[in-house]
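Below is one structure, written out as structure tokens, with a few remarks after it.
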């Protein structure tokens, strides 16, 4: 009867006084045959343990969420600057292909030409939480494209690129 106990409970059959004494620590006079509890009482966690785990998870989420949101905003802003670089390159390529040289009047013209200079998503004017507006096209010599965030969750800065190819944000050139 070496494996007679499981989690401190003795089996239903009787054991010798010596075995009972070594298994439970009771003297032979105090030996009582115990019944096993049902299995549902042997497994699981208490409510307090579950609440502690939930509290720890909530604390970790509270610490990580602001960093995650800031990372998402930074990613959208970087994607907006990259999209403006793409638009700037596409405008120059479009202008070089035209006779006489002239810039495209809107983003749809860049995405619907054959071959397309930008993808259809950017040609629609929205991408990665930013709205792109091409304006100031005058006589084929200049243009301005502005990228503004659609909400505070998608970005905090507004980006602008002009015909000279320099992307600025709040009047600071971006390398």
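Rule-based calculations on the coordinates, nothing more; no lab input. Please read all numbers here as calculations on a predicted model, not as lab measurements. Cβ coordinates were reconstructed from backbone atoms using ideal geometry, including for glycine residues, and neighbour counts include every protein chain displayed.
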Need the full-extension length gain, residue 151 to residue 138, defined as separation in residues times 0.36 nm minus the C-alpha distance. One decimal, nm. 1.7 nm
Theoretical gain in end-to-end length, residue 168 to residue 126 [0.36 nm per residue, Cα-Cα removed]: 13.2 nm
Once the Cβ-Cβ distance between residue 63 and residue 97 is put in as r, and R0 is 45 Å, what FRET efficiency do you end up with, to the nearest 0.05? 0.30
By counting other Cβ atoms within 10 Å of each Cβ, how are 87, 52 ranked from fewest to most? 52, 87
Sorting 114, 73 on the 10 Å Cβ count, fewest up front, what's the list? 114, 73
